[in-house]
Every structure is written in C-alpha cells, then in structure tokens.
1. Given the conditions (1) under 16 Å from the mean Cα position of the chain (by Cα); (2) farther than 23 Å from residue B:34 by Cβ; (3) free of Cβ contacts under 8 Å to residues at least 12 places away in the same chain, report the number of the one that residue B:251 does not fulfil.
2. Can you tell me which residues in region B:266-308 are buried (at least 18 other Cβ atoms within 10 Å of the Cβ) and in a loop (DSSP other than H, G, I, E, B)?
3. Report, by residue number, each residue of region A:176-190 that is more than 24 Å from the chain's Cα centre (by Cα) and in a helix (DSSP H, G or I).
4. Restricting to region A:59-110, give me the number of residues that are more than 20 Å from residue A:220 (Cα to Cα), crowded, with 19+ Cβ neighbours inside 10 Å and at the interface with chain B (Cβ under 7 Å from one of its Cβ atoms).
5. Among the residues that make up region A:260-277, is at least one of them surrounded by fewer than 22 Cβ atoms within 10 Å (Cβ to Cβ), modelled with pLDDT of 70 or more and part of a loop (DSSP other than H, G, I, E, B)?
6. Out of the helices (runs of 4 or more DSSP H) lying entirely within region A:5-99, which hold 1 or more residues that are within 20 Å of residue A:211 (Cα to Cα) and touching a strand residue (DSSP E or B) at 6+ places or on another chain (Cβ under 6 Å)?
7. If I ask for residues that are outside any helix (DSSP H, G or I) and more than 24 Å from residue B:244 (Cα to Cα), which ones from region B:10-40 would you list?
C-alpha cells in the first residue's frame, strides 16, 4: 500500500494508545470486580499491582522458576484477600462508603510499606520472556511486546468471563453483585464471596503487574499509573466489566492522540495569538484522562455501560 | 470532667445555639488561644515553631476547608492540593506585581481566586455524586498542577521555575520569606488559623451551614424543602476552596518559602483528606485534631526508634512508617469511624459521669 507517512504515523499512534489502554483496562478490571461484589471502591488496587509484581520479581531474583514464583505470589494474594476480609472489611460492615474507601487507602499505605520493606525500594527489572521485537506493516511499527500484552489481557478477560458464567462461584458472585440481601437469603456466604473477589482481583493485579513490570521495571510509579484506572472506570461505568475494557481503550487512545497532536496544535495556537514562543505543553497525558472523564460525566453520569442511577427519597 | 455542666440553663433559642453553650468552654478556648499566642512563642524553639507548629496550623486550615466541603456538604474531593496551589500561585502573582499591597490582603485574595477556581470545578457536582465527583476533582488536581508548571507566566518567567516567596511585612514585622523569624511567621499563621477557625464554626452553625448539612444528608429531600442545590453546593465549593487557597498561600509564603507546584501534589490532597477523616467528618475540632495527629505521627514514628535506643536504616524506617501509618488508619476507622472528635466526645461523656457511671 502507498499511504503517506503521516497516515501510517497516525495509525501507529492510535494503535499505541489502544495498547496502553489495555493496561489501564487490566487495572480497572480489578476495581470493577471488587466494586461489583462488595460496593467497596478499592483504592489499593494500584498498590496491589505493585505488591504482586514486587513479590513475583523478588522470588524470581531468589532463583525460583517463574511458574513457581507465580504460584507463590498467587498464594500470597489469596492470603492477602483473607487478611483484608478478616482484619478490615469484616469490622467495617455497614459503614458509609467513604469510610470503606478510606480503609482501602490505609491498606494501600500498608502494602506499599510492606512490599518495599521486604523487597527494597529499588527498581527491579523483570524479564519473563515476552518477545520484544517489532513488526512493520507499511511504515507502521508494531511492538511485539504490545501485541502479546494485548493477547494476554484478552485471554484474561475471556477466562474471567467464563469463570463468571459457567462456574458455581461465578454465579454466586453475580448474584451478590445484583443484590446483596437477596443473595444472602438464598444462602450465599457473603464473607466468603468477598474473599474470593479480592483474591481474583489480586490475581488480575499480578497479571497487570507482570506485564507492566516487564515494560517499565517494577517500581513505585506503577501505582501512580494505576490511578489512571479511575477515569477509565468513570467512562465505562463502575459496575461494568466490558465498560472497563472499552473505557480503557478510549482513554489510552485519547491521551496518546492529545499528546501527539493536541499539544503541538495548542502550542502553535498560543504562539499565534499571544506571540509568546517556546511554551511547551507536553505532558498532556498526565491530566487528559481525568478531564475527558469529567466532560463525559456531564452527559452521562453513570458511565457508558453503568447501571442507571435511580434515587428515591 | 474538670467542670460540671449542671446548673446552666438556657432561656432562649439563641443561647441554645450559641457558639459556646457553656461559659467555661468559652474561657477554655480563650485561654487556649492566649496560650498559643503568648506562651508558645516564648517557650518554643526554631524547630518546634518553624517545622512543626507552622505546617500543622496551615494544614489545619486546609483540613477545615475540606471538612466544610466533604464533612458538612457531603461532596468528596481529592483536589485539595490543586486548590492550595491555586491560592499560592495567585498570591505570588499579586505580591510580586502589586508591591504595595498588604500581605494579609494578598493572602486573602489568593484564597478568593482559589474560590473562583473551586466553583468552576464544583460545577460537575450538580450532576455527579460520590466517587464520580471525586474523580472529577482529580481532574482539577492534575490539570491545575500541570498548568502551573507549564505556563511560565505564573512564576513571572523565573528561570528555575521555583521562585522564592517575596519577603513582606505585616504590622512592621517581616512575616513571609526565608528571612522572617519563625516566631513572626508563627504568630501570622496562628492569626489566620484562629480567625478562619472561628469563622468556620460560625458558618456551620448558621443558616448556610444547615443548608450544607441538609444537602449532605439527602439532597433530594433538601431540595423539596426549598434549599437550592446549585447555590448550596457551589457555596460550599467556594468557601472550601477559599480556605484551601489561604492555606496554600501560607504554605508557600510562611513555611516552604518557595512557590512550587510539586508541594501540592496528589499526596497533599490525600494527607488533608486523611486529616479530615481521622479527625472526624463534620467537626471543626476534628479538623484540628486530625491535622495534628496526621502531621505529627510520621515525625513521631521517625524519631521513636532512636528514643528507645534502636538504630535502624533510614530507608527501613520510611517503609515501616508507611506500614504503621496505613495500619493505624485502618485501626482508627475500625475503632471509631466518626473520628477523633467523636472519641473526644465519648471521653467527655464518660468523664462527666465519673466516678459513678451508673
């Protein structure tokens, strides 16, 4: 094909954004799982990504096989789920959502300190053998890494969907998400369900942590990037799994486009109107997602796929 | 308790709603303020005044602001840091471009411009509630800080991008900038804290405060009894951002002595939110207790191992500090979700009956 270079470049930017978006989606997925089942807005999800990755990389550095390290980390995340349920959530039943939210921030602080206390605060490189070459389609470069990451994310979502649809536990989870009291009344143990969703969210965090860690190194900034999952949730709706994925893709693409095309355009606009040269508007990525989510909320407060908010006096 | 409340009878509605319903309370508060103004500057040293009391008082102002918005009006905000930054940068622009303007007016105007920005970012609250609103305030947090960092106009095209706070005098004493003595800065900050604290406690027990609380408790019901959500929510955003703006201006001018965006990042927002939650949502006293607790706790954790003769690597301390901090927050939420102010109330109730609780 003989498309001009600019067009290829545009495709590359979009594709890049989509891949970044899958990462946001992975973190957002963890949020949605917990929010649906327990109504807790889990701020610690970002730290859980870091914590899982830290454990994983720590065990590998001790010389363990990656599969074994993964298994141990999963065991740790399950133990964490039990601890969170038994030590925190159980004692905060019936509290206002903001209190539960604050308690997860407390958990986030604890995990951050705990993870770095055990494994140290350095940046850990992580190599799990994801291919790192590039393909060329026309003038467009596609990182193999990005593709494998998207495939992993897709598989994960598929497995989760199957888990929710076909297993007994999955059905129980959906029942709890629909209506706590009705679920209780047919004999579904709520506490056990909470442990399960936290454990599942922990495993999702592990996958996200491995992929992100392999790309950026396992370091504290992972948890800050994870904050981006919040606008993703807003866009998709707090209660919707497909919403988390599509929201992630929209945000990922949108912020890459804004960074590459929006910021220079705005710079030249400022230069033309005020004559002030050389102001750099780079770093639009930092806030674009949040502002997009805010504008979006004006028109659809419940998000793209969220349940309609019905209020009664 | 140290005193009894028996025998104090209120004969009018006004007396029942007074700021201090018991005369001895009034004396106690006046005594406390006098102590803070006179005794503490005399006995305090550079470290205590400059590194502990000044920042804690400033953060109390910010916590008051956030408490008005979150505790009294029920609108969760994660953008406190951004509103503080707005106050700091606007005050800096005013102080440097209008040399003769009194510093008190500069800081108040910094708060006013922050209030205007707060209203703009409060607009979504009319359609959005709860955590959705929290995310839109995150938009304020990241967008405003980015703006202050990227547009050189805000720092007067300073080369380093981190200008120092200009030295200014109030009542003949140098109160801002690195040259000012910590005592002068402390008194200056304390003045703001006391005035704003009294103002806040009067606001929340008046008509406007009751409107905020009605909106918080159930906005639809409040609307039905004739409270306009638009004005009420936006006024809460305005007042809250004003407090945060003043706190931010003081933080830059009297504490860190530089005007920089990185002092007001997302962690600052969370710190202030912690203060409000741990201190007690919807309590003026709670804002102060929370500020002292949250600000002093890391300092205590940092120096405690040295006191008992343990020597630990500073990196390890930092990590353990995070753990203990997180665990304590969870612990406090479990023990008393209504915060330190409620704990204080319970203690008072118990002492009132002591030593004959039955």
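The values are calculated or read from the model by the stated rules, or taken from the named source; none is laboratory data. Since the model is a prediction, treat every value here as computed from it, not as a measurement. Heads up, the Cβs are rebuilt from the backbone with ideal geometry, glycines too, and the neighbour counts pull from every protein chain shown.
1. For residue B:251, the exception is condition (3).
2. Result: B:280, B:281, B:282, B:283.
3. Filtering region A:176-190 for residues more than 24 Å from the chain's Cα centre (by Cα) gives A:179-190.
Once the filter is applied, which keeps residues that are more than 24 Å from the chain's Cα centre (by Cα) and in a helix (DSSP H, G or I), region A:176-190 yields A:180, A:181, A:182, A:183, A:184, A:185, A:190.
4. Adding up the residues that qualify gives 4.
5. Within region A:260-277, none of the residues are surrounded by fewer than 22 Cβ atoms within 10 Å (Cβ to Cβ), modelled with pLDDT of 70 or more and part of a loop (DSSP other than H, G, I, E, B).
6. Numbers: elements: A:5-38, A:45-61, A:66-83.
Filter on region A:5-99 gives A:45-61.
7. Those that are outside any helix (DSSP H, G or I) and more than 24 Å from residue B:244 (Cα to Cα): B:10, B:11, B:12, B:17, B:18, B:20, B:21, B:22.
Every residue, every condition in (1) over 26 Å from residue B:160 (Cα atoms); (2) more than 12 Å from chain A (Cβ to nearest Cβ), yes or no:
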{"residue": "B:246", "(1), (2)": "no, yes"}
{"residue": "B:251", "(1), (2)": "no, yes"}
{"residue": "B:256", "(1), (2)": "no, yes"}
{"residue": "B:264", "(1), (2)": "no, yes"}
{"residue": "B:270", "(1), (2)": "yes, no"}
{"residue": "B:275", "(1), (2)": "yes, no"}
{"residue": "B:285", "(1), (2)": "yes, yes"}
